[in-house]
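The values are calculated or read from the model by the stated rules, or taken from the named source; none is laboratory data. Everything numeric in this text was worked out from a predicted model, so none of it was measured. Neighbour counts are summed over all protein chains in view; Cβ atoms, including those assigned to glycine, are modelled from backbone coordinates with ideal geometry.
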């Protein structure tokens, strides 16, 4: 069994530091095999914010897949935005914009979808799709094969389609063909799990999962408490738990859980529902 922790939209520069500490404590307690960070480590891509993010990630003491988000590209420095958009991210966090982790049970690749030419939208290009296929196609079908992006491939109800990563319709069938059928993302500050079968006609009717993380530590919660996801994988089963912190003094606790099983058609729900408990 593998345990992954999925955090997103940390937004150093606009965080609740008490919740940052509760998050650090809970992640340490849960002892994950891998931590996934799906972008927006900073609020305004300033050096001091990246330093805080770097120190926080180092303190977690676990393997990590980290990708940048649109907030990690400078907003107001026009030269930096268009000429060296991810210079600070690469200086303080990692130079690797296509991180990859694999062991006997799972393979996870991170892809940068943040772009200088847009304020908040994201894009995956053909070169990136080819890179994912090169990594994933040769791997054992009994492994978890996951892709991490900041911008989502699918959306919960009530969101505009413009929030979907550009070229998702082209990418998903090609990635599903290699068995990549779990997609981690952030960006919306809303947690949830969606099935791509409702939006995309994947090969053989396969259904991929899009696992969306809320904001782990930012004060911009958009109506939801700070949260992160815990994913437990033991082929062919996968469980997604949502952990929330309504108040720093209470810490994080699991408030929702869904269980899935994998077969030749992708993922099906076995039990649970994505809801917030009282």
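Numbers at a glance
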{"item": "Selection count where residues are part of a helix (DSSP H, G or I) and either within 21 Å of residue 193 (Cα to Cα) or at pLDDT below 95 (or both), scope region 6-22", "result": "0"}
{"item": "Region 195-220, residues that are touching a strand residue (DSSP E or B) at 6+ places or on another chain (Cβ under 9 Å), at pLDDT below 90 and outside any loop (DSSP other than H, G, I, E, B)", "result": "195, 196, 197, 198, 204, 205, 207"}
{"item": "Subset of region 116-125 that is at pLDDT 90 or above and touching a helix residue (DSSP H, G or I) at 6+ places or on another chain (Cβ under 8 Å) - its residue that is surrounded by the most Cβ atoms within 10 Å (Cβ to Cβ)", "result": "122"}
{"item": "Filtered residues of region 4-16 (kept if surrounded by fewer than 19 Cβ atoms within 10 Å (Cβ to Cβ) and either free of Cβ contacts under 8 Å to residues at least 60 places away in the same chain or closer than 14 Å to residue 243 by Cα (or both))", "result": "13"}
{"item": "Every residue from region 78-96 that is modelled with pLDDT of 95 or more, surrounded by 15 or more Cβ atoms within 10 Å (Cβ to Cβ) and over 20 Å from the mean Cα position of the chain (by Cα)", "result": "88"}
{"item": "Matching option when the condition is outside any loop (DSSP other than H, G, I, E, B) and either closer than 22 Å to residue 134 by Cα or at pLDDT below 95 (or both), among 107, 48, 53", "result": "107"}
{"item": "Single residue of region 58-77 satisfying the filter (in a loop (DSSP other than H, G, I, E, B) and either closer than 13 Å to residue 46 by Cα or more than 18 Å from the chain's Cα centre (by Cα) (or both)) that is modelled with the highest pLDDT", "result": "73"}
{"item": "Residue in region 97-115 that is farthest from residue 182 (Cα to Cα), counting only those that are surrounded by 19 or more Cβ atoms within 10 Å (Cβ to Cβ) and in contact with a helix residue (DSSP H, G or I) (Cβ under 7 Å, 6 or more places away or on another chain)", "result": "114"}
